[in-house]
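Please read the structure below before turning to the comments.
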Amino acid sequence: MTGSCKSTFYVTLVRSAKDLSEARAIHACIQRHLVNPHQHTYLSNLLIQMYSRCGSLEEARRVFNSIHKPNAVSWNLIISAYAHCGNVLLAKSLFQVMPCRSEISWTMIVGVLAQSGDIDAAEYFLGKMPETNVISWTSLLCAYAQAGHVQDASQIFTRMPERNVVSWNAMITAYTQLGMIDNALEVMSRMSETIVNSWNTMLAGYAQRGQLQAAMDLFQAIPEPDVVSWNSLIAAAARSGNLARSKILFESMPVRDRVSWNTVITAYAHAGGTQEVENLFSQIPVWDPVTWTSMMVCYAQSPGTLDRATQMFCSMPNRDLVSCDAMVAAFGLNGHTEQAKKVFDRMPKWSTLSWNSMIAVNANQGHVDEAVAAFERMPETNVVSWNTLIAAHAQSSVRQARLFFDIMPKRDEWSWNTMLTALANAGLAGQTITLFQSMALEGLCPRGVSFVSLLTACSQLGGLWRVCHYLRSMQQDYGILPGQEHYCCVVDSFGRAGHLECAWDVLDAMPFQAETQIWVAFANACKIHHDTKRWQSAANEMDPNCGSSYVLMRNHLLHVSDCD
């Protein structure tokens with residue numbers, strides 16, 4: 001066999017390696033039969049790629065170090081290998097000592113840093129690029145969008161010299177995920193050619209927020225909706241709680257895929273529609289792990305059917321990590337911590353989601369020490385792990401929850417809102433307001449739940465001007481319409497200050513009928529300020545079956561009895 005034929009043969013062999021043992025055998029064969037194998041830079045580059053693919057970073061680096069004259073591809077491959085293994089710092093260090101960088105090298109390091117969450121470093125290297133391209137700009141845009149920094153993402157989008165479909169869709173997705181649908185529509189309207197993926201991105205945004213009518217209007221405007229469009233519409237109907245519409249849409253589909261079946265099955269499963277889920281389960285052409293898991297979740301959530309969920313789990317032909325995690329969560333949901341731990345301990349391997357499920361099981365049962373122990377055993381944590389731990393601590397020690405919040409390597413919207421709620425519920429009004437302001441400075445858009453915590457804090461401090469200011473800001477600056485909980489805070493604030501007439505005016509001006517919690521807040525204020533007439537009016541509006549209203553009326557009657 002000639003030298004060139006040998007090289008071609010070994011190239012084919014290297015590309016065929018399926019696991020590490022096979023990769024090592026192929027490499028040993030090359031070293032035995034090929035003279036000076038590491039002078040063949042192309043073949044060495046493939047060996048780096050092979051070891052990286054098979055999970056041996058050490059051997060990939062050894063091959064790289066043995067190359068007589070590594071070229072730009074060699075450097076790119078070893079940097080990429082470190083990045084994929086999560087060692088971003090070493091990938092960055094290698095890039096900085098790289099003798100000659102190509103456009104691919106620059107684009108790759110910007111993408112690696114952006115995906116790792118080191119957005120400042122990604123933007124720094126983007127600024128240093130001799131010539132930027134649409135891929136590097138889009139990597140940075142996606143990083144800001146995924147971190148929830150929609151204003152920064154918008155600025156990057158505006159500064160981009162050119163945009164591709166991915167850039168446009170990333171910006172649309174960023175807005176839709178934060179509920180800024182009007183902004184997303186405005187971006188889509190500026191696209192020179194709206195493809196079906198862009199329409200589907202918008203539909204997914206409506207589906208995520210359960211805005212069925214808006215999703216249907218948009219669906220009607222799509223020139224050629226595909227199966228993804230239909231699936232998003234079904235998801236929107238399910239999220240809005242309209243299961244009947246979800247089923248009608250499903251039955252109207254011209255073509256269904258597995259996602260279609262699983263979407264409608266999952267919708268009924270989460271709603272506890274056991275009989276409907278069983279009917280659909282019997283009709284589905286092919287059962288996959290998602291189908292089995294949805295059926296299992298349905299049984300786990302329905303009262304008295306945990307045994308059937310367990311039977312379903314034991315009957316699964318191919319259990320995956322998701323189904324095991326779901327079973328752990330099912331036992332935890334029903335208070336069976338020991339059974340959850342047994343399933344967890346028997347799993348062949350654990351993902352980050354598996355660990356998070358176990359942390360949540362312990363946290364929900366108030367076993368904070370066990371939740372912390374599981375957290376500390378995790379090989380790699382993510383933001384969900386930290387969030388679950390913060391929520392666990394918030395139930396017993398706000399100080400400890402704040403400590404974990406402050407040392408979090410990365411926070412998301414849920415982290416901020418959990419901490420805001422914990423501080424507000426603990427009566428730490430000043431800290432709640434300060435944290436809300438810090439959240440805004442971080443570039444995160446507050447949600448409705450953020451303003452509930454903020455208005456609660458303002459009510460505790462007794463500053464009516466703060467309540468009015470933030471209620472107006474909520475609507476005018478963020479486009480969030482006040483709900484029952486927001487109005488409850490406003491009524492409570494006016495009531496605490498003794499402005500019962502103003503509180504009554506707020507109740508009267510609300511765009512919907514006040515729920516019992518608002519009447520309870522108003523009745524409490526009437527009791528404090530000895531306004532029996534208005535107290536009686538509030539009592540007449542309360543649901544007598546509600547625990548808080550029952551306690552309030554009982555205490556009032558006892559007080560009247562004592563006075564008599």
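Residues in the range 409-430 that are open to solvent by 50 Å² or more (accessible area, probe 1.4 Å), part of a helix (DSSP H, G or I) and over 21 Å from residue 443 (Cα atoms): 425 only.
Residues in the range 31-65 that are modelled with pLDDT under 80 and open to solvent by less than 30 Å² (accessible area, probe 1.4 Å): 34, 37. Going residue by residue through the range 473-487, is there one that turns out to be under 15 Å from residue 448 (Cβ atoms) and among the charged types (D, E, K, R)? Scanning the range 473-487, I find at least one residue that is under 15 Å from residue 448 (Cβ atoms) and among the charged types (D, E, K, R), so the answer is yes.
Within the range 433-485, restricting attention to residues that are under 17 Å from residue 521 (Cβ atoms) and in contact with an Asp or Glu (Cβ under 6 Å, 6 or more places away or on another chain), the residue that is surrounded by the fewest Cβ atoms within 10 Å (Cβ to Cβ) is 484.
Can you find even one residue in the range 454-468 that is assigned to a loop (DSSP other than H, G, I, E, B), in contact with a Lys or Arg (Cβ under 9 Å, 6 or more places away or on another chain) and modelled with pLDDT of 80 or more? The answer is no, given that none of the residues of the range 454-468 is assigned to a loop (DSSP other than H, G, I, E, B), in contact with a Lys or Arg (Cβ under 9 Å, 6 or more places away or on another chain) and modelled with pLDDT of 80 or more.
Of all residues being polar (S, T, N, Q) and over 22 Å from residue 468 (Cα atoms) in the range 403-455, which is nearest to the chain's Cα centre (by Cα)? Just the residue, please.
Quick first cut of the range 403-455, residues polar (S, T, N, Q) only: 415, 417-418, 421, 425, 431-432, 434, 437-438, 450, 453.
Checking the rest, the ones that are also over 22 Å from residue 468 (Cα atoms) come to 415, 418.
On the way: 415: 11, 418: 14 Å.
Here the answer is 415.
Taking each residue of the range 501-512 that is farther than 17 Å from residue 529 by Cα and in contact (Cβ under 8 Å) with a residue 60 or more places away in the chain and looking for partners that are of a type outside the set (Phe, Trp, Tyr) and buried (at least 19 other Cβ atoms within 10 Å of the Cβ) with beta-carbon atoms closer than 9 Å, six or more apart or interchain, yields nothing.
Per-residue answers, yes or no, for (1) part of a helix (DSSP H, G or I); (2) within 26 Å of residue 104 (Cβ to Cβ); (3) acidic (Asp, Glu):
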{"site": "145", "(1), (2), (3)": "yes, yes, no"}
{"site": "152", "(1), (2), (3)": "yes, yes, yes"}
{"site": "161", "(1), (2), (3)": "no, yes, no"}
{"site": "166", "(1), (2), (3)": "yes, yes, no"}
{"site": "185", "(1), (2), (3)": "yes, no, no"}
{"site": "191", "(1), (2), (3)": "no, no, no"}
{"site": "199", "(1), (2), (3)": "yes, no, no"}
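Could you tell me how many of the residues in the range 174-204 are closer than 19 Å to residue 115 by Cα and either open to solvent by 50 Å² or more (accessible area, probe 1.4 Å) or modelled with pLDDT under 80 (or both)? Selection size over the range 174-204: 1. Of all the listed residues (502, 488, 546), the sole one being touching a Ser or Thr at 6+ places or on another chain (Cβ under 6 Å) and either modelled with pLDDT of 80 or more or open to solvent by less than 60 Å² (accessible area, probe 1.4 Å) (or both) is 546. In the set 493, 459, 453, only one residue is in contact (Cβ under 8 Å) with a residue 24 or more places away in the chain and closer than 21 Å to residue 209 by Cβ; that residue is 453.
I'd like to check something: does the range 384-400 contain any residue that is open to solvent by less than 20 Å² (accessible area, probe 1.4 Å) and under 26 Å from residue 478 (Cβ atoms)?
So the first thing to find is which residues in the range 384-400 are open to solvent by less than 20 Å² (accessible area, probe 1.4 Å), and the list is 385, 387, 389-390, 392-393.
The next check asks that each one be under 26 Å from residue 478 (Cβ atoms); those that pass are 387, 390.
There is at least one residue in the range 384-400 that is open to solvent by less than 20 Å² (accessible area, probe 1.4 Å) and under 26 Å from residue 478 (Cβ atoms).
Whenever a residue of the range 239-252 is closer than 16 Å to residue 269 by Cβ, its partners that are open to solvent by 40 Å² or more (accessible area, probe 1.4 Å) and not in a helix (DSSP H, G or I), lying with C-beta atoms within less than 9 angstrom and at least six residues away or across chains, give the pairs 239/209; 239/211; 241/271; 243/271; 246/240; 250/256. Taken over the range 205-224, residues that are of a type outside the set (A, V, I, L, M), crowded, with 17+ Cβ neighbours inside 10 Å and in contact with a helix residue (DSSP H, G or I) (Cβ under 6 Å, 6 or more places away or on another chain) amount to 3. Taking the range 261-289, which residues are closer than 18 Å to residue 231 by Cβ and of a type in the set (Ser, Thr, Tyr)? Within the range 261-289, 263, 266, 268 meet the criteria. Annotation note: Cβ proximity below 8 Å between a residue of the range 371-389 that is among the charged types (D, E, K, R) and a residue that is at pLDDT below 90 (sequence gap 6+ or interchain) occurs for 377/355; 380/86; 380/352.
Residues in the range 140-153 that are over 17 Å from the mean Cα position of the chain (by Cα) and either farther than 25 Å from residue 103 by Cα or buried (at least 23 other Cβ atoms within 10 Å of the Cβ) (or both): 4 in all.
When each of 179, 210 is tested for being in contact (Cβ under 8 Å) with a residue 60 or more places away in the chain and part of a loop (DSSP other than H, G, I, E, B), the lone residue that passes is 179.
The values are calculated or read from the model by the stated rules, or taken from the named source; none is laboratory data. What you see is a predicted model; the values in this text were computed from it and never measured. We place every Cβ from the backbone using ideal geometry, glycine too, and count neighbours over all the protein chains shown. Heavy atoms of the whole protein, side chains included, go into the accessibility calculation; ligands, DNA and RNA do not. Shrake-Rupley method; radii C 1.70, N 1.55, O 1.52, S 1.80 Å.
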